[in-house]
Amino acid sequence: MTIHVRVRAERSTGEKRVAATPDSVKKLLAAGATVEVESGAGAGSLIMDAAYEAAGARIVARDQAVAPGILFHVRPLTAAEIATLPPGAITVGTLDPFQNAAAVAAARDGGITSFALDLLPRISRAQSMDVLSSQSLLAGYRLVTLAADAFGRMFGMTMTAAGTLAPARVLVLGAGVAGLQAIATAKRLGGVVSANDVRAASADEVRSVGGTFIDLDLGTAEAGGGYAKELAEDRARRQQELLAPHIAASDIVITTAAVPGRAAPRLVTAAMVAAMKPGSVLVDLAAESGGNIEGSVAGERRAIEVTGGVATLIGARDIQSDLAPDASKLYAMNCANFAALIMREGDIVLDFDDELVSGSAVTHDGKIVNDRVAATVEEVRA
């Protein structure tokens, strides 16, 4: 039996990534799959249809019906898009299931097996398929380049006969993969970088990439698997109070904090922004999921009044798409490596005893097989 793989052309405005590259197509073909790529799917990542054909894929029209098999995608599919898939189809990509209850319900009701790579257990075996890490790496870099462009000044200290230029003071809130990459990038540009995170391992990780860790003495908040969990309301308020002087002293604030399954934690209030210096810049990676910074809007660059001038607040949106060729290269291999788990000798084999398969599965055989997601869907229905 031949395994059929379809690579989707993303429909979301501003999304330039694609879930397969010519290299990942070759990997899939070597595993015994046939690969169809929707026309123009790679254009935003500078991959033309001819490159896919040269790798052995077949180009198909976007409106051509999806055959039973595996569908690769980048952005979460909508309920309407899932409804067009044949029963028994398998979807592999990001799903953000806690925020897309309707899509999860549609996959369940349509007999779709859906895998959310954003739920993949964070264990060593999963590293080659970890889309959160690969995409966050690029996001962290891009956050700093966005900030540098808006800052309008040099990052590093420069001493000349005409005077000395002080280094930019950069504060990064959230020290996961994106935060650590932001710290390392800002440090390479010559900034003086400090950071804070609620996870126990963060202090050493921040120092390892050249940052100074700010210990707020609030204890830790970990949900397991390397993720943070939401602080209780009183601790969250105290966190804001303790961060306020550090934010006021910073030239650039970059926020990357996220809590799986919940809206982004509010770390910076409007009052804290107003206390910053004129010319300061804030960039919020979490703007699409509620925002770490009060007033941030995904895809918007806003001028915020502060004493003596304005600060710039940037809400990130489609940030990985700004680096689409690199983002797609990593994402595509993440998908191909995951597919290798479920492809055996020319057939699809779903081994739910494998924690990577069971941990990332959301729907299968007409059921929601992830208990946390099932609870969320039931909550929304109620």
For residues in segment 275-288 being among the hydrophobic types (A, V, I, L, M, F, W, C) and assigned to a strand (DSSP E or B), which is nearest to residue 251 (Cα to Cα)?
281
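Rundown of residues vs (1) touching a strand residue (DSSP E or B) at 6+ places or on another chain (Cβ under 6 Å); (2) modelled with pLDDT of 95 or more; (3) surrounded by 18 or more Cβ atoms within 10 Å (Cβ to Cβ), yes/no style:
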| site | (1), (2), (3) |
| --- | --- |
| 290 | no, no, no |
| 303 | yes, yes, no |
| 309 | no, yes, no |
| 325 | no, yes, no |
| 343 | yes, no, yes |
| 357 | no, yes, yes |
| 373 | yes, no, yes |
| 376 | no, no, yes |
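With in contact (Cβ under 8 Å) with a residue 24 or more places away in the chain and not hydrophobic (A, V, I, L, M, F, W, C) as the only criterion, which of 88, 163 stands out? Walk me through how you get there before you give the answer.
Details: 163 fails: in contact (Cβ under 8 Å) with a residue 24 or more places away in the chain.
Within the list 88, 163, the selection yields 88.
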Subset of segment 300-337, residues in contact with a Gly (Cβ under 9 Å, 6 or more places away or on another chain) and among the hydroxyl-bearing types (Ser, Thr, Tyr), comes to 312, 321, 328, 331
Under 6 Å between Cβ atoms, at least 6 apart or on separate chains: pull out the pairs that start in segment 1-22 with a residue that is in contact (Cβ under 8 Å) with a residue 12 or more places away in the chain and open to solvent by less than 30 Å² (accessible area, probe 1.4 Å) and end on any residue that is among the aromatic types (Phe, Trp, Tyr) and in a strand (DSSP E or B).
7/72; 19/72; 20/72
Specify which of the listed residues (109, 96) is open to solvent by 60 Å² or more (accessible area, probe 1.4 Å), more than 19 Å from residue 193 (Cβ to Cβ) and at pLDDT 95 or above.
109
Quick one: in segment 29-77, of everything that is in contact (Cβ under 8 Å) with a residue 40 or more places away in the chain and surrounded by fewer than 18 Cβ atoms within 10 Å (Cβ to Cβ), which residue is nearest to residue 326 (Cα to Cα)?
46
Every listed condition ((1) touching a residue at least 40 places away in the same chain (Cβ under 8 Å); (2) under 25 Å from residue 101 (Cα atoms); (3) surrounded by fewer than 16 Cβ atoms within 10 Å (Cβ to Cβ); (4) not β-branched (Val, Ile, Thr)) holds for residue 80 save (1)
Test for residue 349: is it open to solvent by less than 30 Å² (accessible area, probe 1.4 Å) and either aliphatic (A, V, I, L, M) or at positive phi (or both):
no
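Kindly evaluate residue 40 against the criterion of being under 28 Å from the mean Cα position of the chain (by Cα) and under 17 Å from residue 329 (Cα atoms). Write out each step before concluding.
On the way: under 28 Å from the mean Cα position of the chain (by Cα): yes; under 17 Å from residue 329 (Cα atoms): yes.
Considered against the rule, which asks whether it is under 28 Å from the mean Cα position of the chain (by Cα) and under 17 Å from residue 329 (Cα atoms), residue 40 comes out as yes.
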Selection within segment 201-236 - modelled with pLDDT under 80, assigned to a loop (DSSP other than H, G, I, E, B) and surrounded by 15 or more Cβ atoms within 10 Å (Cβ to Cβ)
221, 226, 229, 230, 231
Failed criterion for residue 81 (all others in (1) within 17 Å of residue 338 (Cβ to Cβ); (2) modelled with pLDDT of 95 or more hold)
(1)
So the check is Cβ under 6 Å with 6+ separation or different chains; which pairs have a first residue in segment 299-319 that's without any contact (Cβ under 8 Å) to a residue 12 or more places away in the chain and a second one that's surrounded by fewer than 17 Cβ atoms within 10 Å (Cβ to Cβ) and part of a strand (DSSP E or B)?
303/310
Residue pairs qualifying under the 6 Å Cβ cut-off, at least six apart or on distinct chains, with the first in segment 206-234 being of a type in the set (Gly, Ala, Ser) and the second being at pLDDT 85 or above and part of a loop (DSSP other than H, G, I, E, B), are 225/122; 226/122
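Could you pull out the residue among 361, 264, 298 that is open to solvent by less than 50 Å² (accessible area, probe 1.4 Å), aliphatic (A, V, I, L, M) and within 20 Å of residue 68 (Cα to Cα)?
Working: 264 fails: within 20 Å of residue 68 (Cα to Cα); 298 fails: within 20 Å of residue 68 (Cα to Cα).
Going through 361, 264, 298 in turn, the sole match is 361.
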Just to verify a result, which residue in segment 270-288, among those that are open to solvent by 30 Å² or more (accessible area, probe 1.4 Å) and not aliphatic (A, V, I, L, M), is nearest to residue 316 (Cα to Cα)?
288
Scope segment 184-200; condition closer than 20 Å to residue 136 by Cα and either polar (S, T, N, Q) or open to solvent by less than 50 Å² (accessible area, probe 1.4 Å) (or both); matching residues:
184, 185, 186, 193, 194, 195, 196, 197, 198, 199
Among the residues of segment 237-262, which ones are at pLDDT below 95, of a type in the set (A, V, I, L, M) and not in a helix (DSSP H, G or I)?
257, 258, 259
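The values are calculated or read from the model by the stated rules, or taken from the named source; none is laboratory data. Keep in mind that this is a model prediction, so the values were computed, not measured. Because the Cβ atoms are built from the backbone with ideal geometry, glycine has one as well, and the counts that use them run over all protein chains shown. Just the protein is used for accessible areas: all its heavy atoms, side chains included, with ligands, DNA and RNA removed. Shrake-Rupley method; radii C 1.70, N 1.55, O 1.52, S 1.80 Å.
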